[in-house]
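Inspection log for the structure reproduced underneath, given as C-alpha coordinates.
The values are calculated or read from the model by the stated rules, or taken from the named source; none is laboratory data. Because the structure is a prediction, the values reported are computed rather than measured. Positions of Cβ are backbone-derived with ideal geometry, glycine not excepted, and every protein chain shown enters the neighbour counts. Side chains included, ligands, DNA and RNA excluded: accessible areas come from the protein's heavy atoms. Shrake-Rupley method; radii C 1.70, N 1.55, O 1.52, S 1.80 Å.
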Amino acid sequence: MAFDIYQLWEIAATPDNIPITAMVGLVPFYTWYGLKQALANDRLIGQLEADPEMAKTHHRKIQPWKPGWLREVHVWPYLLRIEFLAALIVTIILMIWSITLNAPLEEPANPNLTMNPAKAPWYFLGLQEMLVYFDPWMAGVVLPTLIIVGLMAIPYIDANPLGAGYYTYKQRKWAILTFLFGFIGLWVSMVIIGTFIRGPGWIWFWPGQTWDHNKVIFEANRDLPDLFGITSMAGKGIFGGLVTLLYLVGSGLLCHKLITLNEFNRKIHQRMSLLQYGTMQLLLILMLSLPAKMIAKLVFRIKYIWITPWFNI
(Lines give C-alpha, C1' and ligand atoms only; values in the text may rest on other atoms or scores of the structure.)
Protein backbone atom coordinates (compact mmCIF):
# COMPACT_ATOMS: atom_id res chain seq x y z
CA MET A 1 0.00 0.00 0.00
CA ALA A 2 1.55 3.31 -1.11
CA PHE A 3 1.61 6.20 1.33
CA ASP A 4 -0.54 8.99 -0.13
CA ILE A 5 1.03 12.12 1.36
CA TYR A 6 -1.15 14.33 -0.84
CA GLN A 7 -4.32 12.76 0.56
CA LEU A 8 -3.11 13.25 4.12
CA TRP A 9 -2.12 16.87 3.46
CA GLU A 10 -5.46 17.60 1.80
CA ILE A 11 -7.30 16.38 4.89
CA ALA A 12 -5.04 18.22 7.33
CA ALA A 13 -5.10 21.50 5.37
CA THR A 14 -8.90 21.67 5.01
CA PRO A 15 -10.00 24.93 6.71
CA ASP A 16 -12.43 23.22 9.09
CA ASN A 17 -9.73 20.66 10.03
CA ILE A 18 -7.09 23.25 10.95
CA PRO A 19 -8.10 23.23 14.67
CA ILE A 20 -7.68 19.46 15.02
CA THR A 21 -4.44 19.57 13.02
CA ALA A 22 -3.14 22.19 15.47
CA MET A 23 -4.45 20.19 18.42
CA VAL A 24 -2.46 17.14 17.32
CA GLY A 25 0.70 19.11 18.06
CA LEU A 26 -0.45 21.43 20.85
CA VAL A 27 -2.02 18.81 23.14
CA PRO A 28 1.15 16.64 23.40
CA PHE A 29 3.32 19.75 23.81
CA TYR A 30 1.35 21.27 26.69
CA THR A 31 0.91 17.85 28.28
CA TRP A 32 4.69 17.43 28.25
CA TYR A 33 5.22 20.99 29.48
CA GLY A 34 2.77 20.59 32.36
CA LEU A 35 4.30 17.27 33.42
CA LYS A 36 7.76 18.82 33.22
CA GLN A 37 6.69 21.59 35.62
CA ALA A 38 4.99 19.03 37.88
CA LEU A 39 8.07 16.80 38.11
CA ALA A 40 10.26 19.85 38.82
CA ASN A 41 7.93 20.84 41.66
CA ASP A 42 7.97 17.28 43.00
CA ARG A 43 11.77 17.37 43.16
CA LEU A 44 11.64 20.71 44.99
CA ILE A 45 9.01 19.42 47.44
CA GLY A 46 11.28 16.46 48.18
CA GLN A 47 14.17 18.85 48.89
CA LEU A 48 11.98 21.00 51.15
CA GLU A 49 10.80 17.98 53.12
CA ALA A 50 14.38 16.83 53.61
CA ASP A 51 15.75 20.29 54.53
CA PRO A 52 13.60 22.27 57.01
CA GLU A 53 15.91 25.30 56.78
CA MET A 54 15.46 25.45 53.02
CA ALA A 55 11.70 25.27 53.47
CA LYS A 56 11.76 28.59 55.34
CA THR A 57 12.98 30.49 52.28
CA HIS A 58 11.25 28.68 49.39
CA HIS A 59 7.76 28.41 48.02
CA ARG A 60 6.40 25.19 46.53
CA LYS A 61 7.52 26.20 43.07
CA ILE A 62 10.67 25.76 41.07
CA GLN A 63 11.71 29.42 41.39
CA PRO A 64 13.37 30.01 44.78
CA TRP A 65 12.04 32.78 47.01
CA LYS A 66 14.20 35.87 47.25
CA PRO A 67 14.27 38.64 49.89
CA GLY A 68 11.81 41.37 49.02
CA TRP A 69 9.36 39.08 47.25
CA LEU A 70 5.82 38.97 48.57
CA ARG A 71 4.73 35.54 49.69
CA GLU A 72 1.18 36.37 48.58
CA VAL A 73 0.48 37.98 45.20
CA HIS A 74 -2.77 39.87 44.63
CA VAL A 75 -5.06 39.01 41.73
CA TRP A 76 -4.94 42.63 40.58
CA PRO A 77 -2.84 43.64 38.80
CA TYR A 78 -0.59 40.58 38.49
CA LEU A 79 -2.99 37.83 37.39
CA LEU A 80 -5.57 39.97 35.57
CA ARG A 81 -2.86 41.77 33.63
CA ILE A 82 -1.54 38.48 32.25
CA GLU A 83 -5.07 37.27 31.46
CA PHE A 84 -5.87 40.54 29.66
CA LEU A 85 -2.73 40.26 27.52
CA ALA A 86 -3.55 36.61 26.76
CA ALA A 87 -7.07 37.62 25.68
CA LEU A 88 -5.65 40.29 23.36
CA ILE A 89 -3.17 37.87 21.79
CA VAL A 90 -5.84 35.21 21.23
CA THR A 91 -8.19 37.81 19.71
CA ILE A 92 -5.48 38.94 17.29
CA ILE A 93 -4.73 35.34 16.30
CA LEU A 94 -8.42 34.64 15.67
CA MET A 95 -8.78 37.80 13.56
CA ILE A 96 -5.76 36.87 11.41
CA TRP A 97 -7.04 33.31 11.18
CA SER A 98 -10.50 34.38 10.05
CA ILE A 99 -9.06 36.73 7.42
CA THR A 100 -6.48 34.38 5.91
CA LEU A 101 -8.55 31.15 5.89
CA ASN A 102 -11.66 30.88 3.78
CA ALA A 103 -14.74 29.71 5.63
CA PRO A 104 -15.59 26.11 4.63
CA LEU A 105 -18.91 27.12 3.10
CA GLU A 106 -20.37 25.00 0.33
CA GLU A 107 -23.35 25.15 -1.99
CA PRO A 108 -26.89 24.97 -0.57
CA ALA A 109 -27.88 21.59 0.76
CA ASN A 110 -29.26 19.22 -1.83
CA PRO A 111 -31.31 16.29 -0.45
CA ASN A 112 -30.68 14.36 -3.68
CA LEU A 113 -26.89 14.64 -3.35
CA THR A 114 -25.34 13.71 -0.03
CA MET A 115 -21.67 14.43 0.48
CA ASN A 116 -19.46 11.43 1.15
CA PRO A 117 -18.07 11.31 3.75
CA ALA A 118 -20.68 13.32 5.65
CA LYS A 119 -18.89 14.57 8.75
CA ALA A 120 -19.88 16.81 11.62
CA PRO A 121 -17.63 19.72 12.66
CA TRP A 122 -14.37 18.55 14.17
CA TYR A 123 -15.52 19.16 17.77
CA PHE A 124 -18.47 16.76 17.23
CA LEU A 125 -16.53 14.06 15.39
CA GLY A 126 -15.89 12.23 18.65
CA LEU A 127 -19.64 11.82 19.15
CA GLN A 128 -20.07 10.78 15.52
CA GLU A 129 -17.38 8.12 15.94
CA MET A 130 -19.08 6.82 19.10
CA LEU A 131 -22.22 6.20 17.04
CA VAL A 132 -20.30 3.29 15.47
CA TYR A 133 -20.16 1.52 18.82
CA PHE A 134 -23.34 2.61 20.64
CA ASP A 135 -26.98 3.25 19.88
CA PRO A 136 -27.85 6.90 19.06
CA TRP A 137 -29.57 7.40 22.42
CA MET A 138 -26.41 6.24 24.18
CA ALA A 139 -23.78 7.97 22.05
CA GLY A 140 -25.78 11.15 21.41
CA VAL A 141 -27.62 11.70 24.69
CA VAL A 142 -26.49 9.60 27.65
CA LEU A 143 -22.70 9.69 27.25
CA PRO A 144 -22.42 13.43 26.36
CA THR A 145 -24.65 14.26 29.32
CA LEU A 146 -22.54 12.13 31.64
CA ILE A 147 -19.36 13.76 30.31
CA ILE A 148 -20.70 17.22 31.17
CA VAL A 149 -22.09 16.12 34.54
CA GLY A 150 -18.87 14.26 35.32
CA LEU A 151 -16.74 17.34 34.61
CA MET A 152 -19.01 19.38 36.87
CA ALA A 153 -18.77 16.76 39.62
CA ILE A 154 -14.96 16.50 39.67
CA PRO A 155 -14.43 19.25 42.30
CA TYR A 156 -16.95 17.53 44.60
CA ILE A 157 -15.52 14.03 44.05
CA ASP A 158 -11.84 14.86 44.44
CA ALA A 159 -10.94 14.52 48.12
CA ASN A 160 -7.24 15.22 47.66
CA PRO A 161 -6.36 18.61 49.21
CA LEU A 162 -2.84 18.63 47.75
CA GLY A 163 -1.79 20.19 44.47
CA ALA A 164 -3.91 23.35 44.72
CA GLY A 165 -2.10 26.29 43.13
CA TYR A 166 0.93 24.42 41.81
CA TYR A 167 1.76 21.62 39.40
CA THR A 168 2.51 18.24 40.92
CA TYR A 169 2.48 14.70 39.59
CA LYS A 170 3.39 12.75 42.71
CA GLN A 171 0.52 14.15 44.77
CA ARG A 172 -2.05 14.12 41.92
CA LYS A 173 -0.97 10.96 40.10
CA TRP A 174 -4.40 9.29 40.03
CA ALA A 175 -6.21 12.43 38.85
CA ILE A 176 -3.62 13.15 36.14
CA LEU A 177 -3.58 9.59 34.77
CA THR A 178 -7.39 9.48 34.74
CA PHE A 179 -7.53 12.78 32.86
CA LEU A 180 -4.90 11.69 30.35
CA PHE A 181 -6.75 8.45 29.69
CA GLY A 182 -10.17 10.08 29.42
CA PHE A 183 -9.23 13.20 27.47
CA ILE A 184 -6.27 12.20 25.31
CA GLY A 185 -6.74 8.43 25.21
CA LEU A 186 -10.47 8.55 24.49
CA TRP A 187 -11.85 11.93 23.44
CA VAL A 188 -8.92 13.30 21.42
CA SER A 189 -8.37 9.91 19.80
CA MET A 190 -12.06 9.78 18.78
CA VAL A 191 -11.72 13.20 17.11
CA ILE A 192 -8.50 12.15 15.32
CA ILE A 193 -10.10 8.92 14.10
CA GLY A 194 -13.14 10.77 12.81
CA THR A 195 -10.98 13.38 11.06
CA PHE A 196 -8.07 11.47 9.53
CA ILE A 197 -9.12 7.82 9.46
CA ARG A 198 -12.83 7.68 8.64
CA GLY A 199 -13.28 8.11 4.89
CA PRO A 200 -16.14 7.64 2.39
CA GLY A 201 -18.92 5.49 3.76
CA TRP A 202 -17.33 5.98 7.21
CA ILE A 203 -14.91 3.19 6.26
CA TRP A 204 -11.64 2.84 8.15
CA PHE A 205 -8.72 4.17 6.05
CA TRP A 206 -5.31 4.31 7.69
CA PRO A 207 -3.52 7.71 7.55
CA GLY A 208 -1.91 8.05 4.15
CA GLN A 209 -4.18 5.49 2.52
CA THR A 210 -6.03 6.89 -0.50
CA TRP A 211 -9.75 7.26 0.01
CA ASP A 212 -11.63 5.06 -2.46
CA HIS A 213 -15.18 6.35 -2.93
CA ASN A 214 -16.16 3.12 -4.66
CA LYS A 215 -14.92 0.87 -1.88
CA VAL A 216 -17.57 -1.23 -0.17
CA ILE A 217 -16.89 -3.49 2.79
CA PHE A 218 -19.31 -6.22 3.81
CA GLU A 219 -18.61 -7.02 7.44
CA ALA A 220 -21.01 -9.21 9.38
CA ASN A 221 -21.84 -7.45 12.64
CA ARG A 222 -22.98 -9.97 15.20
CA ASP A 223 -24.51 -9.64 18.62
CA LEU A 224 -22.82 -11.41 21.51
CA PRO A 225 -25.80 -13.75 22.21
CA ASP A 226 -25.68 -14.93 18.57
CA LEU A 227 -22.18 -16.35 19.13
CA PHE A 228 -23.65 -18.65 21.80
CA GLY A 229 -26.63 -19.73 19.72
CA ILE A 230 -29.19 -17.76 21.73
CA THR A 231 -32.08 -16.78 19.45
CA SER A 232 -35.04 -15.93 21.70
CA MET A 233 -35.51 -12.32 22.79
CA ALA A 234 -35.92 -13.35 26.43
CA GLY A 235 -32.72 -15.39 26.31
CA LYS A 236 -30.81 -12.53 24.71
CA GLY A 237 -32.06 -10.13 27.38
CA ILE A 238 -31.13 -12.42 30.28
CA PHE A 239 -27.73 -13.40 28.82
CA GLY A 240 -26.83 -9.81 27.90
CA GLY A 241 -27.91 -8.57 31.32
CA LEU A 242 -25.66 -11.11 33.03
CA VAL A 243 -22.69 -10.20 30.82
CA THR A 244 -23.30 -6.50 31.47
CA LEU A 245 -23.52 -7.16 35.21
CA LEU A 246 -20.29 -9.16 35.04
CA TYR A 247 -18.63 -6.23 33.25
CA LEU A 248 -19.86 -3.76 35.88
CA VAL A 249 -18.56 -5.90 38.73
CA GLY A 250 -15.25 -6.69 37.01
CA SER A 251 -14.52 -3.12 35.95
CA GLY A 252 -15.58 -1.86 39.38
CA LEU A 253 -13.14 -4.22 41.09
CA LEU A 254 -10.41 -3.20 38.63
CA CYS A 255 -10.99 0.51 39.33
CA HIS A 256 -11.01 -0.14 43.09
CA LYS A 257 -7.73 -2.04 42.79
CA LEU A 258 -6.16 0.83 40.86
CA ILE A 259 -7.52 3.42 43.31
CA THR A 260 -6.05 1.60 46.33
CA LEU A 261 -2.83 0.59 44.58
CA ASN A 262 -0.52 2.47 46.95
CA GLU A 263 -0.58 3.99 50.42
CA PHE A 264 -1.07 7.55 49.17
CA ASN A 265 -4.18 6.63 47.16
CA ARG A 266 -5.55 4.61 50.06
CA LYS A 267 -5.40 7.68 52.29
CA ILE A 268 -7.33 9.68 49.69
CA HIS A 269 -9.83 6.82 49.38
CA GLN A 270 -10.45 6.88 53.14
CA ARG A 271 -11.32 10.59 52.96
CA MET A 272 -14.09 10.00 50.41
CA SER A 273 -17.72 9.57 51.35
CA LEU A 274 -19.82 6.73 49.97
CA LEU A 275 -21.54 9.14 47.56
CA GLN A 276 -18.20 10.48 46.28
CA TYR A 277 -16.77 7.01 45.83
CA GLY A 278 -19.89 5.63 44.14
CA THR A 279 -20.09 8.56 41.72
CA MET A 280 -16.42 8.21 40.83
CA GLN A 281 -16.80 4.46 40.26
CA LEU A 282 -19.82 5.01 38.00
CA LEU A 283 -17.97 7.55 35.86
CA LEU A 284 -14.87 5.34 35.61
CA ILE A 285 -16.91 2.27 34.63
CA LEU A 286 -18.71 4.23 31.91
CA MET A 287 -15.37 5.61 30.73
CA LEU A 288 -13.99 2.09 30.35
CA SER A 289 -17.07 1.03 28.39
CA LEU A 290 -15.90 2.99 25.34
CA PRO A 291 -12.60 1.10 24.76
CA ALA A 292 -14.40 -2.16 25.64
CA LYS A 293 -17.03 -1.57 22.93
CA MET A 294 -14.34 -0.43 20.46
CA ILE A 295 -12.44 -3.69 20.93
CA ALA A 296 -15.64 -5.72 20.63
CA LYS A 297 -16.65 -3.92 17.42
CA LEU A 298 -13.30 -3.50 15.63
CA VAL A 299 -11.65 -6.77 16.63
CA PHE A 300 -14.50 -9.26 17.14
CA ARG A 301 -17.22 -7.57 15.03
CA ILE A 302 -19.67 -7.66 17.95
CA LYS A 303 -22.29 -4.93 17.70
CA TYR A 304 -24.42 -5.32 20.83
CA ILE A 305 -23.94 -7.09 24.15
CA TRP A 306 -27.36 -6.66 25.70
CA ILE A 307 -30.43 -6.97 23.46
CA THR A 308 -33.88 -5.93 24.74
CA PRO A 309 -37.11 -4.72 23.10
CA TRP A 310 -36.52 -1.25 24.56
CA PHE A 311 -32.78 -0.61 24.24
CA ASN A 312 -29.55 -2.18 23.02
CA ILE A 313 -26.12 -1.88 24.59
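Within 10 Å, count the other beta carbons around each residue, average over each peptide in 214-222, 5-13, 297-305, and list them highest first.
Packing order, densest peptide first, comes out as 297-305, 5-13, 214-222.
Is the shape of the chain rounded, prolate or oblate, going by the alpha carbon gyration tensor and its root eigenvalues a ≥ b ≥ c, with a/c under 1.5 for rounded and a/b larger than b/c for prolate?
Oblate, since a/c reaches 1.5 and b/c is not below a/b.
If a/c stays under 1.5 just call it rounded; otherwise compare a/b with b/c (prolate if a/b is bigger, oblate if not). Do that for segment 131-211, with a ≥ b ≥ c from the square roots of the Cα gyration tensor eigenvalues.
oblate
Using alpha carbons only, how many degrees (0 to 90, rounded to 10) separate the axis of helix 274-298 from the longest principal axis of the chain?
Long axis of 274-298 versus the principal axis of the chain: about 40 degrees.
Pop out the carbon and sulfur fraction of the accessible area of the chain as a percent, whole number, probe 1.4 Å.
On the chain, the fraction of accessible area on carbon and sulfur atoms equals 71 percent.
Rounded to the nearest 0.05, what FRET efficiency do Lys215 and Phe3 give with R0 = 22 Å and r taken as the Cβ-Cβ distance? Could you check?
That pair, Lys215 with Phe3, gives E of 0.80.
Take Ala40 and Leu94, extend 7 Å from each Cα along the Cα→Cβ direction, and tell me the distance between the two endpoints in nm.
3.0 nm
How much length is gained on full extension from Trp137 to Ala22, taking 0.36 nm per residue of separation minus their Cα-Cα distance?
38.3 nm
Using the Karplus curve 6.51 cos²θ - 1.76 cosθ + 1.60 with θ = phi - 60°, work out ³J(HN,Hα) for each residue of segment 82-89 in order, rounded to whole Hz, and write x for Gly and Pro.
Coupling constants for segment 82-89: 5, 5, 5, 5, 5, 5, 5, 5 Hz.
Go ahead and set up a Gaussian network model of the chain, Cα springs under 10 Å, then flag whichever of Trp122, Trp76, Trp206 fluctuates most.
Ranking Trp122, Trp76, Trp206 by mean-square fluctuation puts Trp76 first.
Which residue fluctuates the most in the chain, going by a Gaussian network model with Cα springs under 10 Å, if the choices are Ala109, Ala159, Ala234?
Ala109
Arg222 label point, 7 Å along Cα→Cβ, cut-off 14 Å on backbone N: hits in segment 287-313?
Within reach of a label on Arg222: 296-305.
Compute the helix-to-body angle for 143-157: its Cα long axis versus the longest principal axis of the chain, expressed 0 to 90° and rounded to tens.
With rounding to tens, the tilt is 20 degrees.
Relative to the present Cα-Cα distance, how much length would full extension add between Ile203 and Tyr277 at 0.36 nm per residue of separation?
Here the segment from Ile203 to Tyr277 would lengthen by 22.7 nm.
For Trp32 paired with Leu258, estimate the spin-label separation in nm (one decimal), with each label point 7 Å from Cα along the Cα-to-Cβ line.
2.5 nm
Before rounding to the nearest 500, sum -39500 (n - 2.57) across all DSSP H runs of length at least 4 in the chain and divide by the residue total; then give [θ] at 222 nm in deg cm²/dmol.
After summing the helix terms and dividing by the residues of the chain, the value is -16500 deg cm²/dmol.
Which shape class applies to segment 178-295: rounded if a/c is under 1.5, otherwise prolate when a/b exceeds b/c and oblate if not, where a ≥ b ≥ c are the square roots of the Cα gyration tensor eigenvalues?
Note, shape of segment 178-295 comes out oblate.
Starting from the eigenvalues of the Cα gyration tensor, five times each then square-rooted, give me the equivalent ellipsoid semi-axes of segment 188-232, largest first, whole Å.
30, 15, 7
To the nearest 10 degrees, how steep is helix 233-259 against the longest Cα principal axis of the chain, on a 0 to 90 scale?
Taking the Cα atoms of the chain, the angle to 233-259 is about 20 degrees.
In square angstrom, what is the accessible area per residue of the chain with a 1.4 angstrom probe?
Value returned for the chain: 66 Å² of accessible area per residue.
Cut-off 10 angstrom, C-alpha nodes, Gaussian network model of the chain. Which of Ile82, Ile18, Ile197 fluctuates the most?
Top of the fluctuation ranking is Ile82.
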